[in-house]
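What follows is a single structure, written as structure tokens, with notes after it.
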Amino acid sequence: MPSLSLPSELELVQPTPPELGPADAERIARDAFGLTAAARALGSHQDRNFLLDRGDGAPLLLKIANPGTTSAELEAQSAAAARIAERAPGLRTPRSLPVAAGGADAADAAGDADAATVREIEEDGQRLGARVLEFLDGGTLSGGGHLSPAVVRGIGELAARVDLALADFDAPGVERPHQWDLRRAPAVLDALLPYIGDAELRERLAGAAREAWAVVERLAPELPVQAVHGDLTDDNVVWSDPRTRLPDGIIDLGDLNRGWTVGELAITLSSLLHHDGVDRRAALRAATAYHALRPLSRAEAEALWALVVLRAAVLVASGHHVVATDPGNAYAAENLGHELAILDAATAVPLAVQTALVLAATGHEPDTLGLPAHVALLAGIRPEEIAGIELGTTSSALHGGRWLEPDAESAAARAALAAGASAALTRFGEARLTRSAPFAQEAPANVALGVELALARPVELLAPWPGVVTAGDDGLELRGDGLVLRLDGAEAATTAEASDAATGAPAAGHVARGAVIGRAATQLAVRVHRDGGPGAPWFAPVADAAGWLALVADPTPLLTGAAATERGAAGSESARELIARREAVFAEVQEYYFEEPPAIVRGWRELLVDADGRVYLDALNNVTSIGHAHPRLVEAVTEQWQLLNTNSRFNYPAVVEYAERLASLVPEPLDTVFLVNSGSEAVDLALRLARAATGRRDILAVREAYHGWTDLSDAVSTSVADNPGALASRPEWVHTVDAPNPFRGPYRGAEASRYAGEAVAEVERLAAAGTPVGAFIAETYYGNAGGIALPDGYLAAMYDAVRRHGGVAVADEVQVGYGRLGEWFWGFEQQGVVPDVVAVAKAIGNGHPLGAVITTKEIAAAYRSQGYFFSSAGGSPVSSVVGSTVLDVIREEGLQENARDTGGYFRERLAELGERHPLVGAVHGSGFYLGLEFVRDRETLEPATEETAAICERLLGLGVIVQPTGDHQNVLKIKPPMCLGREGVDAFVAAVDRVLTTGW
Ligand code: PMP
């Protein structure tokens, strides 16, 4: 390590100014700055800060520096703030007031870079520098709470803007010896390490710092140096919008200093690492955002993570030093946990791995490891005898949920051997679905960093390159050419065999290329990693996989003689590309879920799987009523496709059987079925039937509803979340009544019975006005509003009134019907009514396009006046088989009962969340149609709209897929496949609990 002038121990401790109270602050403000203001003490680590309120709504900050800070340093800080304010407009920066200004206009004079800002005062015999600064309101990102990707990007951008603004800044007080200057890290650590009592931690920290410094020292000549903020951390950035917490200002230039520019970013990154859910990979978003504004050179990118490690080491060591020398310092003691968390996160993978990830994230080609010249590893098995087996997310070997079976991998290998291969070989770098687990909050370690071979017969192993062979518990290792070849499952060759090698191997484990080094009987796992470095695991999470290529090489060429496996883009990258392609070809109005949607490639029961093998709990897909990829449905559809698929003008059994079954599900007098392809079509047809039957055009609908996208179903949809202009743009024949929401509508709780009265009055008014309604349409349980039960008696009163005036009652059961409510198969049963026309879709096809209208013979007959009815694919043989199979599964697997029981448990668990988290305003719903409503205030019920969106984004990261609903988009609509079990419920609740506890 270079010899830097060691800071003396005293310099390591910042001297604090004398105790000063608000009265002192008011006096100083008046005497030194001519300001009349009421002062309030604010916390500070090393200075004394007071908020000065002059009664004009523009508070100022009186900052009395510790006696160790010179006036030149303080002036430099003021000038740097002025420079940042000038060069980075829009970035809030606390500028200092010139000492000459004072008085009411003081704030206007802030930021004159040349004016003196420091007033030297004397208190208790100490000379102290006092300044008055603009006060930035808002909050910081302090604490260990979660930071959203946008916030993480925001802080990275902010660091870049500060560095760009200060790039050519200089002032006499900028250059100073400083314990936080990473250029001095070795000396600082030498001085601080002895204060770490725990020898193991001390050694670990020293080792990590040594390794990091070796990297930095090599690159140091290429690292630009400039004036930097020096402490641009979560504690020292501020936001003004509490909903987004996007940092838009910086505070505390007390560590302004010259240093490596990239060191600034390293300090910023390290401060993110103790936040819940912000790991090394997430923190790289800040580096990418920084890089977009101030590109990092290759040397800077290579040094970045080493500097993060050094910063973490200095933080931990310094924390121990403060605690050791100031045992009463509770703040420092508490901080030790955060600091250690930063070190743990910074060193969670080898430095070379993380550095490769930084390089990749900043567009620099990362280092990779290749194989040397070699001969084949296997003697007696030719490459063409080796069958590749696929264990990735789309592998057909893993259909039907086989990926969840513990022996899925060996079963795939056995199948390949049974088909005649001499060996079955797994893929290097593949994200294996077999290593993924359901209900996990963290992404799995599933990317293979080696390969495995299943053998039909024993095989001899040859040294691909010369080296030294050692035998261990798991198998053999060959060291040579700077690499370690690990052969787990191999047995060492006898000495006779080893020395038998034609090339003549020297003794003591040395072997020549091509020498027999061992034998494998049935299994062999092969990995190549760099010698002398850290070992590598067999599997790594996708987010780290590209980094591990700096340390491990693809062993496939040793086995097949082919070139190394071409590494495809990680799933997350292909997801980004996919979205870009989609945006190019789709209309913008066809929205997608999530800011960065994963590429979903597989579904199984209540689970979805992305291209990286990340498994999500699907709490959203009510369409998939019986679960994703249900084997019975797959089989029935496959069979029917092979037999026949045609249209319902032909005579075939499937459509008749299905229509009979649908008719048997509804009460008298409903007995006639139309089959279509979607909910929109079903609603559209239901309304046309009503119009035909009544000869009337006017329709009454409930507000906040969504009924579909076709002209007619859209006409009765007034959800402003789906269409902000909905209410103002209805045709004159569409009339609406209040959404009967007993939680947040005009009538709440017991008052909710009044909705029916008002809605009936509207039916009567329309009749009296000469525009009696032909149809009244409503969801029978308010799905779109968040799973809210209609008030008791609501539909009974409305159906009665509508029929009294000659209209038809249309029930939209598209979302809530078909057993999902648990207690009731149809939503209208909950209301104790029988509609005249029922529209149903979604769940009936389990995702296959299928919709139905069920009505009376009489109403159906009225359609004659419109011509004849035909839908090309509606009720096709395949669709009909889908419909019948879905019904079979719902009945035979007891899915409605499961919705009732597991749904009841779900509701209880959500209610428990409400007891602990004030954001929860209400739990709505029944069975597997639940709504978790978020409010900012339980009195005003102010909807927590932005929070709900951000919560959904964070839940995705924790493996849960759910979305908002309702006019305010503040209700989590929870409507999972009906096969969901308690384990899934617990996983959902645990993830929501974590998000509500640690932030979003
Ligand atoms: N009615 C309701 C209540 C719905 O929620 C929807 C779809 N969200 C529809 C009708 C329209 O169904 P589809 O998307 O199948 O056309």
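The values are calculated or read from the model by the stated rules, or taken from the named source; none is laboratory data. If you're wondering where the values come from, they're calculated on a predicted model, not measured in any experiment. Counting neighbours? That spans all protein chains shown, and the Cβs are built from the backbone with ideal geometry, glycine included. With ligands, DNA and RNA removed, areas are computed over all heavy atoms of the protein, side chains included. Shrake-Rupley method; radii C 1.70, N 1.55, O 1.52, S 1.80 Å.
Largest first, what is the accessible-area ranking of Glu491, Glu430 with a 1.4 Å probe? Numbers along the way, then the final one.
Values: Glu491 95, Glu430 20 Å².
Solvent-accessible surface, decreasing: Glu491, Glu430.
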Whole-angstrom gap from the stretch 252-307 to the stretch 515-542, using each part's C-alpha centre: 34 Å
Length added when fully stretched, Glu203-Arg40, from 0.36 nm per residue minus Cα-Cα: 54.2 nm
Under Karplus coefficients 6.51, -1.76 and 1.60, residue-wise ³J(HN,Hα) of the stretch 972-977 in Hz, glycine/proline x: 6, 8, 10, 8, x, x
Long-range tail of P(r) for the stretch 392-468 (Cα pairs > 20 Å, %): 42 percent
For the chain, with +1 on Lys and Arg beta carbons and -1 on Asp and Glu, the positive-most of Ser625, Leu559, Ile342 along the dipole: Ser625
Cβ-derived FRET efficiency at R0 30 Å, Ser729 paired with Glu751, nearest 0.05: 0.45
Surface accessible to a 1.4 Å probe, per residue, for the residues of the chain, Å²: 39 Å²
Segment Gln441-Arg804, extension gain: residue separation times 0.36 nm, minus the distance between their alpha carbons: 125.2 nm
Amide N proximity, the stretch 379-408 versus Thr638 label position 7 Å along Cα-to-Cβ, cut-off under 20 Å: 390-405, 408
Extended-chain gain in nm, criterion 0.36 nm per residue less alpha-carbon gap, Ala415 and Glu588: 57.7 nm
Portion, in percent, of the accessible area of the chain that falls on carbon or sulfur, probe 1.4 Å: 52 percent
The chain - charge dipole about Cα centre, Lys and Arg +1 at Cβ, Asp and Glu -1, debye rounded to 20: 1940 debye
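Looking only at the stretch 588-736, where both bridge partners belong to it, what percent of the DSSP beta bridges are antiparallel (to the nearest 5)?
Of the beta bridges lying entirely in the stretch 588-736, close to 75 percent run antiparallel.
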DSSP beta bridges in the chain [antiparallel fraction, %, rounded to 5]: 85 percent
Per-pair calculated FRET efficiency, R0 = 30 Å: Glu908 and Ala796 via Cβ, rounded to 0.05: 0.55
Cα-Cα separations in the chain greater than 59 Å, expressed as whole percent: 27 percent
Value of relative contact order over the stretch 692-768, rounded to a whole percent, pairs C-alpha under 8 Å and six or more apart: 25 percent
Part-to-part distance (alpha-carbon centres) for the stretch 352-397 and the stretch 795-850, which is given in Å: 56 Å
Relative contact order computed over the stretch 15-56 (Cα-Cα under 8 Å; 6+ residues apart), in percent: 37 percent
Thr325 paired with Thr522, simple spin-label distance in nm, labels 7 Å along Cα-to-beta-carbon: 6.4 nm
Lys975 - accessible surface, heavy atoms, 1.4 Å probe, Å² rounded to 10: 10 Å²
Pairwise label distance in nanometres, Ser872 with Glu122, each label 7 Å out on the Cα-Cβ vector: 9.7 nm
Theoretical ellipticity at 222 nm over the chain - DSSP helices of four or more residues, -39500 (n - 2.57) apiece, nearest 500: -11000 deg cm²/dmol
The chain, relative contact order in percent, only Cα pairs under 8 angstrom and at least six apart counted: 9 percent
Gap separating the Cα centres of the stretch 406-433 and the stretch 28-85, nearest whole Å: 69 Å
